[in-house]
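The values are calculated or read from the model by the stated rules, or taken from the named source; none is laboratory data. Treat the numbers as computed from the prediction; the structure is a model and nothing was measured. With ideal geometry, Cβ positions are generated from the backbone for all residues, glycine too; neighbour counts draw on all protein chains shown. Accessible surface areas use protein heavy atoms only, side chains included; no ligands, DNA or RNA. Shrake-Rupley method; radii C 1.70, N 1.55, O 1.52, S 1.80 Å.
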Amino acid sequence: MGSDTMGLAKLDRFRKPIDITLVANSEREELIYDVKRISEREFWMATENGIIISDEDFRELRRLGHETGLSHSVIRKIYKDTDGRIWVATNNGISLYNNKTDRFIEVQSPETIFKYVYDIKEDRQGRIITNTPNGICRITVPDNPERDMDYENIDISRYLSQGNTDIPFLDVDSKGVLWIGTICDGIISMDTEG
């Protein structure tokens, strides 16, 4: 679990009583927004100061920040898609990790300005779905993601209160239904296959 300024806590639900142990913390207090297992021995933590890469015991191995091409230092979400690509949601768009160069590619389209991206998911066709200031964006990724990606804006304004475009949560269920969690308007569901 990520925590507010306390680092990372490990929950052992099989111990009685339930045991929560602080397993990672840096010299400075920082928020941990998300934790993803990237490989058998590596975890990535989304923080307000970039990405912390740790081993299975949550010992910090290294950090990834602006110098690696991240579009912003505040990282909200880390998502590993079915092709093994690592997508990062930031306070200034999306970054896609290139493991061959150990750098990030900024994902940006001319017609869509990503800002404050909170979540990234994938639909059953392998398209990436994320929130934007204008609603939802569906991204079709070519075999070589460094080439132009195909962006499709999905307008959901008719479901939202006037001026409210905050969408902090997305999920795609096994039937292909996209669930959209909003700040003021509850949960919206829509078919992603159409």
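Points worth noting:
- Boolean, ASN25 is open to solvent by 40 Å² or more (accessible area, probe 1.4 Å) and modelled with pLDDT under 55: yes
- Across segment 35-53, the number of residues qualifying as part of a loop (DSSP other than H, G, I, E, B) and either more than 18 Å from ILE94 (Cβ to Cβ) or in contact (Cβ under 8 Å) with a residue 60 or more places away in the chain (or both) comes to 3.
- For segment 48-62, the criterion of being loosely packed, with under 13 Cβ neighbours inside 10 Å, at pLDDT below 55 and of a type outside the set (D, E, K, R) is met by no residue.
- Among the candidates ASP150, ASP143, residue that is modelled with pLDDT under 80, more than 15 Å from the chain's Cα centre (by Cα) and open to solvent by 70 Å² or more (accessible area, probe 1.4 Å): ASP143
- Odd one out for LEU61 among (1) in contact with a Phe, Trp or Tyr (Cβ under 9 Å, 6 or more places away or on another chain); (2) within 20 Å of GLU30 (Cβ to Cβ): (1)
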